[in-house]
Structure formats: C-alpha cells, structure tokens
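In what follows, a single structure is set out as structure tokens and then discussed.
Any read-out appearing in this document is the output of simple, stated calculations on the displayed coordinates, not a laboratory observation. Please read all numbers here as calculations on a predicted model, not as lab measurements. Cβ: placed from backbone, ideal geometry, glycine included. Neighbour counts: every protein chain shown.
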Amino acid sequence: MTACPLCDTPGGATLWQDDFCRVVLADEPDYPGFLRVILNAHVKEMSDLASADQRRLLDVVLAAEAALRAVMTPDKINLASLGNVVPHLHWHVIPRFADDPHFPNPVWGERKRPARRAAPADLAVQLGTALSRRLARARGTE
C-alpha cells in the first residue's frame, strides 16, 4: 500500500473522534464548516464494512449534518463519498449557501462568484459541541 494522507494525518482539525472514526473541520477557506467524517481503518468502500459498521458510520455522518444545520443554518447540506483521489473511506459534509462561490454547482464545479462567507471565530468549538451532544444522545450516553 502506498502512503495514505487519511491514515498518516488527521485530515483536518479534529472536532470529535472515537476508536472507529473521526470528524474533522477541513481546511477549505471558501467553505467554512466543511466537515469530513473519516473512518479510522484504511477501507476503500462502504460495502467493505459490515452492516453494523455501515450504520455506525452513517450515524456519525447524519450527526455531522445535524450539527451543521443547527450551528450554521445553511440553505442545503451536500453529502459526498468520492474517494477518487484518496481511496480511504470518508464522507464530505458540506454546508451550502445560495451565495457561496459555486452554488448551485457542486463545490468542485465551476465557480460562479467570489467567496463571501467568513467563519465565526469559534466555529470549530460550536460544531464540536453540537456534534458531541448529538452523538452522545444517539448512543444514550447523555
């Protein structure tokens, strides 16, 4: 196996993690709140996971979406699991706004306008807190 950036680095600023996966705030200046949910094991596809692990990972993806909605109130959330460049199972959870640089295109599509949205100084703290609460509630540990 060649070097994998999601095995070798956190992949962003860690907001939440357990032994199975982590949620990181990606370094995407045009997209404050762009999250990645990254499986801790080097696995390529969702179908490589057992059903219970698929559900466990999707529960974290959905908690990340809910945290973004609560903290940032975006117009839409985009969910994507591509892995074409980095074949390590991870999900992109992206808050979208009608005035963002690419809307209505995908964030990887043609740019429509300059970036305008600035992240609140405590965005990582807000998202980490919201995410931790949702996951604790879902696991019955709150």
Mean Cα-pair separation over length for the range 44-142, i.e. relative contact order, pairs under 8 Å, 6 or more apart, %: 25 percent
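Helix-derived [θ] at 222 nm for the chain: sum -39500 (n - 2.57) over DSSP H runs of at least 4, divide by residue count, nearest 500?
Working: 3 runs with 42 residues, N = 142.
That comes out to -9500 deg cm²/dmol.
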Taking r as the C-beta separation of Ala115 and Ser81 and R0 as 22 Å, the FRET efficiency to the nearest 0.05 is 0.35
Amide H to amide H under 5 Å from Phe34: which residues, 5+ apart in sequence or cross-chain, H placed 1.01 Å off N in plane? Ala26
Evaluate the charge dipole of the range 5-132 about its Cα centre and quote only its size in Debye, nearest 20, assuming +1 on the Cβ of each Lys and Arg and -1 on the Cβ of each Asp and Glu. 380 debye
Per DSSP loop assignment and a cutoff of at most 16 other beta carbons within 10 Å, the chain keeps its longest run without exposed trypsin sites (Lys or Arg not before Pro) at 45-110
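Determine the sum of side-chain charges near Pro106: Lys and Arg each +1, Asp and Glu each -1, restricted to other residues whose C-beta is under 12 angstrom from that of Pro106. Spell out each step's value before the answer.
Details: positive: Lys76, Arg96, Arg111, Lys112; negative: Asp100, Glu110.
Local net charge: +2.
Going by the alpha-carbon gyration tensor, a ≥ b ≥ c the square roots of its eigenvalues, is the range 48-130 rounded (a/c under 1.5) or, if a/c is not under 1.5, prolate (a/b greater than b/c) versus oblate? Don't skip to the end; give the middle numbers.
On the way: a/c = 2.38, a/b = 1.34, b/c = 1.78.
Because a/c hits 1.5 or more and a/b fails to exceed b/c, the range 48-130 counts as oblate.
Grab the eigenvalues of the alpha-carbon gyration tensor for the range 33-93, scale each by 5, take roots, and send me the semi-axes largest first in whole angstrom.
On the way: eigenvalues 96, 35, 13 Å².
They are 22, 13, 8 Å, listed largest first.
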Using the basic label-point model (7 angstrom from Cα toward the beta carbon), what is the Ala138 to Leu123 distance in nanometres? 2.2 nm
Evaluate 2.2 N^0.38 Å with N set to the residue count of the range 82-142, then give the Cα radius of gyration divided by it. 1.49
